[in-house]
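Below is one structure, written out as structure tokens, with a few remarks after it.
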Amino acid sequence: MGNIADLIENKEKRVLCLGNEAIARGAIEAGVQVFAAYPGTPSSEISGALIAAAAELDFYAEWSTNEKVAMEIAYAASITGIRSMTALKHVGLNVAADAFYSFMYMGCKGGFVTVVGDDPHCFSSQNEQDSRWLGVSANFIILEPSSPQEAKDFVKHAFDISEKFEAPILLRSTTRISHARADVQYYEYESGFKEGDLEKTTRFKCLPAIARANHPKLLEKMERVKEWIHESGFSVVEDDNEAEYGIITSGISYSYVKDALKSLKKTIPILKLGMVSPLDEKSILEFAQNKKNIIFIEEVDPYLEDRISALFIQNSLYPRIHGKCNGITKRYHELNSRIVAEGLIKAFGGELLSLSEIQKAVEETKDFTPFRPPLFCAGCQHRAAFYELSKVVRKRDGIFSSDIGCYSLDPWVTDTIVCMGASIGMANGFARVIKDKPIFALIGDSTFFHTGLPALANAVYHKANFNLLILDNRMTAMTGFQPNPTEDIPIEDVVKGLGVNYIVEFDPYDFENGKKTIEDALEHEGPTVIIMRKICANEWWRRTRRKGEKIEVFHTDSEVCIACGTCIVQYQCPAISWSLDTNSKDKNYTVIDPAMCTGCSVCSQICPTGAISKVE
């Protein structure tokens, strides 16, 4: 995260900041009073920035246990007349969907904004879900900024629109907006906490009879928004003329279009939609009236293409459509300026005149840059835990259901990874149909509190025979070391309260004891719970360095090392590499980088010749 002083300074100035920090500043300038979120890339920095600013600016912000809880906290504040916000990633919107759908039926009083970070190309996610579909299905008003500056400005507009129509707003960002850095204009704002008050009414009771009455009211409200949007300024036409081609786009795709047209030395009329639900039908029809060809540029799904194509047919307009339908862009992965330029060439001809210097460098390195899959950090306690598990699971041919977190990087034993909390839920299912193999579910401490509790309660209630392994590294590490309830609510107490009778705990750095603990648990009828507890190695390393304490590292004795590969090929610690003995050109041995070593000692425990020891 950037400089918190810049984020909260109350004066007009321009600041180079991350897109997510711009979104946070927009919320501050809009007067947000309550903010709640669960960490999820690419949205996490919004939450980190607002939580860091909350105490200084006297508003409430928290890391919640999951996205549904966070959304309910923010919504509760909004119906008391307080401006509130939540932020989540696209799959987090699925977790909150139960509440998300009902909120639109009831509306809000204070502005209520949900920022969703979509992740085209699956940089840090298990799918490329396009949240626009979920938003339009729930009748949410959806804004889609095309730059960090618009992201900040759109947040402020979102609160105003929310209060104007008493409707929750969905602001859709993507990885390239959230994680881009740009020069953003900041403005002055008012701060100070305000208390809300809940009006006694049936409006906020989403019971069947009330919901039936609210649904037509919601649709009428969306029609009013549709009429208003034409005059709102969210639809922008550029370079409009009598040309037979026109481009309709939104969000980050607009930026790619501008770069692509520049590289093609073309001027084509563009309609940029800032609000993508409801659609600004009047502006769209006016733009397309004299066009023979309409090109749609958007990432992942043909959301605009499908809905606007239907709008054309309804209004007897029949331009030729170019987009996902005829393959000028694909229905998967993210776009870039080069891909868009090539797509535009397919639509109206021409040639790509030249590559930028950056694009040339990328092209030149493609052939010799090796594929590097992500892996556990040096000293990671998850690597130790999985290595111990591999020795047990492989021997017994066990079934292993894993979850979402750093431990998703396991290279040894995982059979399934679906979504947060699914490891325990799926182990419940495996236990019903597989009787001759041990079944393991593995989940992190944050994910356990997020969505693991209901599935474990189900396992206890139905006596499902499997082994639950909880990796407690004392934080939500993968998304940036955010806190979670683990420090204040002991997992073993929660598990015992749910009715689990067999609960053990061990330090994953204690290799032999770890293997024995897992094997012992298999002798008991499940569900059993094994808690592998060790603070995240990266966080421990940072804390130790801040205190000025010395970290005891390990080294390899080249005379004893037999180059068996146990520490490098099998254990895969990135702090260990091969070296060549200067005295003998054909003798390899391992070398441990002291700058990366955390002193976990696992390599010394698994070395078959005892070649690795602590530096004296």
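The table for this structure:
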| quantity | calculated |
| --- | --- |
| Set ALA459, ALA455: member being touching a helix residue (DSSP H, G or I) at 6+ places or on another chain (Cβ under 9 Å), surrounded by 24 or more Cβ atoms within 10 Å (Cβ to Cβ), at pLDDT 90 or above and of a type outside the set (Val, Ile, Thr) | ALA459 |
| Pick from region 429-440, criterion surrounded by 20 or more Cβ atoms within 10 Å (Cβ to Cβ) and within 17 Å of TYR461 (Cα to Cα), ranking: farthest from the chain's Cα centre (by Cα) | ALA431 |
| One residue from SER137, SER178 being at pLDDT below 95, crowded, with 23+ Cβ neighbours inside 10 Å and of a type in the set (Ser, Thr, Tyr) | SER178 |
| Helices (runs of 4 or more DSSP H) (entirely within region 302-393) containing at least 3 residues that are at pLDDT 90 or above | 303-314, 337-348 |
| Any hit, region 234-248, residues being under 31 Å from the mean Cα position of the chain (by Cα), within 25 Å of GLU342 (Cβ to Cβ) and surrounded by 15 or more Cβ atoms within 10 Å (Cβ to Cβ) | yes |
| Out of ILE313, ILE345, ILE328, sole residue that is surrounded by 14 or more Cβ atoms within 10 Å (Cβ to Cβ) and without any contact (Cβ under 8 Å) to a residue 40 or more places away in the chain | ILE328 |
| Filtered residue count, region 283-293, keeping only those that are closer than 17 Å to SER146 by Cβ and part of a loop (DSSP other than H, G, I, E, B) | 0 |
| Residue that is farthest from the chain's Cα centre (by Cα), among those in region 67-76 that are surrounded by fewer than 24 Cβ atoms within 10 Å (Cβ to Cβ) and not β-branched (Val, Ile, Thr) | ALA76 |
| Qualifying strands (runs of 3 or more DSSP E) (wholly inside region 501-604; at least 3 residues being surrounded by fewer than 20 Cβ atoms within 10 Å (Cβ to Cβ)) | 502-506, 576-580, 588-592 |
| Total residues in region 469-528, condition of a type in the set (Ser, Thr, Tyr) and under 24 Å from the mean Cα position of the chain (by Cα) | 3 |
| Unmet criterion (only one of (1) assigned to a loop (DSSP other than H, G, I, E, B); (2) aromatic (Phe, Trp, Tyr); (3) more than 16 Å from the chain's Cα centre (by Cα)) for PHE123 | (3) |
| Scan of region 424-444 for residues that are touching a residue at least 40 places away in the same chain (Cβ under 8 Å) and assigned to a helix (DSSP H, G or I), ordered by number | ILE424, ALA427, ALA431 |
| Subset of region 195-214 that is part of a loop (DSSP other than H, G, I, E, B) and touching a Phe, Trp or Tyr at 6+ places or on another chain (Cβ under 9 Å) - its residue that is farthest from ALA22 (Cα to Cα) | CYS206 |
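The values are calculated or read from the model by the stated rules, or taken from the named source; none is laboratory data. Model, not experiment: these values are computed from the prediction. Backbone-built Cβ (ideal geometry, glycine too); neighbour counts: all protein chains shown.
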